[in-house]
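**Q** Please find one structure pasted underneath; my questions will follow.
The values are calculated or read from the model by the stated rules, or taken from the named source; none is laboratory data. The shown structure was predicted, so the numbers you read here are calculated from the model rather than taken from an experiment. Here Cβ is always computed from backbone atoms with ideal geometry, including for glycine, and neighbour counts include all displayed protein chains. SASA here: full protein model, heavy atoms, side chains in, ligands and nucleic acids out. Shrake-Rupley method; radii C 1.70, N 1.55, O 1.52, S 1.80 Å.
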Amino acid sequence: MGYLEGFGVTLRKWGEGVTTKEYRAGKAKKGEAPAETDQKRPKPPRAHGRHVLNKYEDGMEKCIGCELCAGVCPAKCIYVRGAENPPEEPKSPGERFGFVYEINYLRCIHCDLCVEACPTEAITETKLFEFSFTNRDDAIYTKDELLVGEDGKPQNLPWEDWRPGEDQFTSGWMRATAPAGRADYENRVAWSGELGYGVRAPEAGQEHEDPAPVEAADDHDDHGGHH
Ligand code: SF4
Ligand code: SF4
């Protein structure tokens, strides 16, 4: 294609209008409605974003400092140090708790192996993947930043771009294997209670589009309490 032909294409396209949409328009703070120009699509419930450290309904931390998540992480971006729980003021219901907990988001590939490895549903992922850092310290999330707030929801850190609803599906409830694969597990609760939400109702299986909440299964009678 010669120069003139190329310019001809440009001129022809000039008047056709814009077909792409502005992704970043209408940025809203957490809890606020996005502007009408916001073109971001809702994320699927199981999207993998930045992590949270969860708490039980009574506010105890779920992490027991076992370091399994750090051991399984292929990117070696989790740093955990467990410590004995102080008897007078235990942080977790186990003998130990996560004394130090850090995730380096300059390395994390959001594979969720840490989430799968965790025996207590302590570490799970939110839907948030849009966050930008201006220094290395911000990219390394500390335990204080990863722990859910008093409402059981992820904290909104200054460099994170949360949209309404994105903080809703962050728990072990979403981590749990869907019952659709095994009929035996349909409509059975297989996760512990959590701060701010209690015990989540079971997910719908293949045959149940809108199941009513059911009691925890007999062999899981500690749901709502601690592991
Ligand atoms: S999601 Fe994967 S890469 Fe990221 S911290 Fe967990 S195990 Fe490591
Ligand atoms: S987050 Fe889970 S796997 Fe990691 S140290 Fe805590 S309890 Fe163990």
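**Q** Using the Cβ atoms and a cut-off under 12 Å, what net charge is assigned to the surroundings of C108, where Lys and Arg are +1 and Asp and Glu are -1? Please list the in-between numbers first.
**A** Values: positive: R50, K76, R107; negative: E102, D112, E125.
The answer is 0.
**Q** Leaving out ligands and nucleic acids, note down the accessible area per residue over segment 51-174 with a 1.4 angstrom probe, in whole Å². Each step should come with its number before you reach the end.
**A** Working: 5640 Å² over 124 residues.
Heavy-atom accessible area per residue stands at 45 Å².
**Q** Shifting gears a bit: What list of ³J(HN,Hα) values in whole Hz, one per residue of segment 46-55 in order, does the Karplus curve 6.51 cos²θ - 1.76 cosθ + 1.60 (θ = phi - 60°) give from phi, with Gly and Pro shown as x?
**A** After applying 6.51 cos²θ - 1.76 cosθ + 1.60, I find 9, 4, 9, x, 6, 7, 10, 9, 8, 10 Hz.
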